[in-house]
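For reference, the structure is listed below as structure tokens.
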Amino acid sequence: MEQKSVKRMETVPINKLMLSMGIPVIISMMLQAFYNIADSFFVSNMEGGEDALNALTLAFPVQMLMIAIGIGTGVGVNVLLAKSLGQQDREKASGVAGNAVFLGLIIILVFVLFGIFGVKPYIATQTSNQIIYDTAVEYLQICCICSVGVAFFGIFEKMLQATGMSLLSTIAQISGAVINIVLDPIMIYGLFGFPELKAAGAAYATVIGQIASFLIALIFHFKSNKSVDKSLRYIKPQAKLIKEIYAIGLPAIIAQALMSFMTYGINIILVQVNEALVTAYGLYYKIQQFILFASFGLRDTITPIVSFSHGMHNKKRIMDGIKYGVLYTFIIMAIGTIALELFAVPLCSVFRLSGTTEKLCISAVRIISTGFIFAGTSIALQGVLQALDCGVSSLIISICRQLVFILPIAWIFTFFVTDDLVNAWIVWITFPIAEIITAAIGIGLIFKNYNKKITGEYVQAH
């Protein structure tokens with residue numbers, strides 16, 4: 001890290017540092033969520049749009065899993081890189097960055113193999129509708145086989161963030177998102193002489209945008225990131241470093257992947273009732289990402305700030321990181337809740353849905369968003385726990401949010417849904433219930449780990 005960036009991480013008040021680093025990341029994450037919504041908007045408005053939208057919903061859990069692996073690996077790199085720089089260990093930091101590149105290559109290989117051999121059996125578990133099946137398979141195979149962008153951008157984005165260059169990672173993210181949004185209507189509808197590719201066009205637009213983001217982040221890393229050495233010798237895998245990266249990153253991967261498994265599980269539960277529920281939930285999920293991704297962006301800012309302070313053994317700055325991280329996340333989620341309650345109807349009406357599906361989507365937006373404040377608390381605390389090397393505790397929060405209090409309750413509630421779907425809103429109550437319980441558990445875990453990791457370790461160190 002350049003001396004200026006080091007000094008900034010060491011001395012700038014945490015509240016100001018978190019805003020200056022966090023706002024670009026938040027904008028970046030919200031824009032990523034926006035182009036997920038844009039994909040759904042353009043697809044829903046083509047011929048056969050509701051079936052195509054359902055197909056994208058079935059493919060979405062795997063897309064989330066791909067992002068989880070890329071970003072989760074990046075989180076491990078982020079924390080270990082920031083901590084190494086806080087300890088003034090440039091050699092180790094360079095090794096972390098080099099091994100991140102090696103891991104990215106392995107991740108791409110796994111994605112490509114799944115695209116070739118795994119997509120068809122995966123989609124077959126969720127639908128017997130041949131049109132939806134064919135569309136989902138085509139879309140997801142493109143995303144998996146052309147996965148170089150999603151795998152590598154997650155890693156280079158986190159390296160830029162770990163070295164205080166959040167603005168550059170944001171520029172890369174925004175550039176790819178804009179390219180994706182511009183290409184969506186061109187490739188889906190066949191504008192300007194381009195062939196009409198329908199849902200496949202959305203997939204191609206997505207992967208082209210991801211590759212563009214990766215290439216721009218790569219250029220920024222080599223031109224502007226002076227914090228680490230970029231010699232090819234650092235790419236040689238080092239088992240010790242990889243173990244350290246995944247000691248932090250694996251819980252983050254699992255935490256993100258749980259979102260994928262939860263969505264997959266919910267799809268299977270809801271399709272037993274009615275396909276309209278699956279479509280409504282899938283669309284709601286992309287709408288709510290606009291808010292949740294903002295909190296994820298702030299969480300990804302909390303992590304390097306607290307981790308750097310942890311490396312310095314600066315107890316006050318760690319405490320400030322927790323305080324302002326939770327406060328700012330609370331504000332984001334409160335604003336998001338109000339916005340979704342006010343604009344649920346116009347948001348859902350822009351998609352060409354049947355009357356029943358649209359009503360289901362509106363009720364999902366209004367009911368599930370009541371748990372956002374509690375979700376934000378849990379997400380912020382996850383960032384703190386990751387920074388303090390408490391990956392298991394962070395994982396416990398995710399398991400509670402995404403599995404333990406979601407799938408069983410949702411499955412039970414579906415038995416109370418009548419054939420006319422008028423009372424389908426009861427299924428959506430599952431989500432606020434899970435968020436409230438999980439937030440309480442998260443607060444308990446942060447108190448337990450703070451006393452152990454900070455009070456206990458620092459006393460022993462001195």
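The values are calculated or read from the model by the stated rules, or taken from the named source; none is laboratory data. Since we're looking at a predicted model, the values are computed, not measured. Neighbour counts run over all protein chains shown; Cβ positions are idealised from the backbone, glycine included. Side chains included, ligands, DNA and RNA excluded: accessible areas come from the protein's heavy atoms. Shrake-Rupley method; radii C 1.70, N 1.55, O 1.52, S 1.80 Å.
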Exactly one of these conditions fails for Ala334: (1) modelled with pLDDT of 95 or more; (2) under 22 Å from Ile426 (Cα atoms). Give me its number. (2)
Subset of region 333-346 (residues that are of a type in the set (Val, Ile, Thr) and open to solvent by less than 40 Å² (accessible area, probe 1.4 Å)): Thr337
Candidate set from region 87-97 (those that are assigned to a helix (DSSP H, G or I) and either open to solvent by 10 Å² or more (accessible area, probe 1.4 Å) or in contact with an Asp or Glu (Cβ under 7 Å, 6 or more places away or on another chain) (or both)); member that is nearest to Leu140 (Cα to Cα): Ser94
Matching residues, region 268-307, being polar (S, T, N, Q) and surrounded by fewer than 24 Cβ atoms within 10 Å (Cβ to Cβ): Gln272, Asn274, Gln288, Gln289
Filter region 347-368 for residues that are of a type in the set (S, T, N, Q) and open to solvent by less than 40 Å² (accessible area, probe 1.4 Å); the one that is farthest from the chain's Cα centre (by Cα) is Thr357
(1) in contact with a Pro (Cβ under 9 Å, 6 or more places away or on another chain); (2) open to solvent by 20 Å² or more (accessible area, probe 1.4 Å): which one isn't true of Asn15, the others all being true? (1)
Within region 92-124, track down each residue that is without any contact (Cβ under 8 Å) to a residue 40 or more places away in the chain and farther than 25 Å from Tyr264 by Cβ. Leu105
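Yes or no, residue by residue, for (1) modelled with pLDDT of 90 or more; (2) not small (Gly, Ala, Ser):
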| site | (1), (2) |
| --- | --- |
| Leu258 | no, yes |
| Met262 | yes, yes |
| Ile268 | yes, yes |
| Ser295 | yes, no |
| Thr301 | no, yes |
| Phe308 | no, yes |
| Asn314 | no, yes |
| Ile318 | no, yes |
Checking Tyr450 against (1) under 19 Å from Phe261 (Cα atoms); (2) crowded, with 19+ Cβ neighbours inside 10 Å; (3) not β-branched (Val, Ile, Thr), which single condition isn't satisfied? (1)
Scan region 197-211 and tell me whether some residue there is buried (at least 18 other Cβ atoms within 10 Å of the Cβ) and in contact with a Ser or Thr (Cβ under 7 Å, 6 or more places away or on another chain). yes
Listed residues Phe308, Phe261, Phe296; which is under 14 Å from Gly383 (Cα atoms), over 13 Å from the mean Cα position of the chain (by Cα) and either part of a helix (DSSP H, G or I) or not hydrophobic (A, V, I, L, M, F, W, C) (or both)? Phe308
Residues that are over 20 Å from Ala239 (Cβ atoms), assigned to a helix (DSSP H, G or I) and open to solvent by 20 Å² or more (accessible area, probe 1.4 Å): does region 156-165 have at least one? no
Among the residues of region 400-414, are any at pLDDT below 90, under 17 Å from Arg299 (Cα atoms) and assigned to a helix (DSSP H, G or I)? yes
Single match in Gly282, Gly209 (criterion: closer than 21 Å to Trp428 by Cα and either of a type in the set (Ser, Thr, Tyr) or outside any loop (DSSP other than H, G, I, E, B) (or both)): Gly282
Answer yes if at least one residue in region 407-416 is open to solvent by 20 Å² or more (accessible area, probe 1.4 Å), under 19 Å from the mean Cα position of the chain (by Cα) and either more than 19 Å from His310 (Cβ to Cβ) or of a type in the set (Phe, Trp, Tyr) (or both), and no otherwise. no
Just one of (1) open to solvent by less than 50 Å² (accessible area, probe 1.4 Å); (2) under 29 Å from Val178 (Cα atoms); (3) polar (S, T, N, Q) trips up Ser84, so point out which. (2)
Taking region 201-257 on its own, how many of its residues are among the aromatic types (Phe, Trp, Tyr) and closer than 19 Å to Gly149 by Cα? 4
Please give the number of the condition Lys316 fails out of (1) within 18 Å of Pro304 (Cα to Cα); (2) in a helix (DSSP H, G or I); (3) touching a residue at least 24 places away in the same chain (Cβ under 8 Å); (4) not aliphatic (A, V, I, L, M). (3)
Of the residues in region 216-231, how many are at pLDDT below 90 and either open to solvent by 90 Å² or more (accessible area, probe 1.4 Å) or touching an Asp or Glu at 6+ places or on another chain (Cβ under 7 Å) (or both)? 2
Given the condition within 29 Å of Ile186 (Cα to Cα), in a loop (DSSP other than H, G, I, E, B) and not aromatic (Phe, Trp, Tyr), answer yes or no: does some residue in region 47-65 qualify? yes
Can you report the number of residues in region 264-279 which are farther than 15 Å from Ile132 by Cβ and outside any helix (DSSP H, G or I)? 2
Could you please give the count of residues in region 415-449 that are acidic (Asp, Glu) and assigned to a loop (DSSP other than H, G, I, E, B)? 2
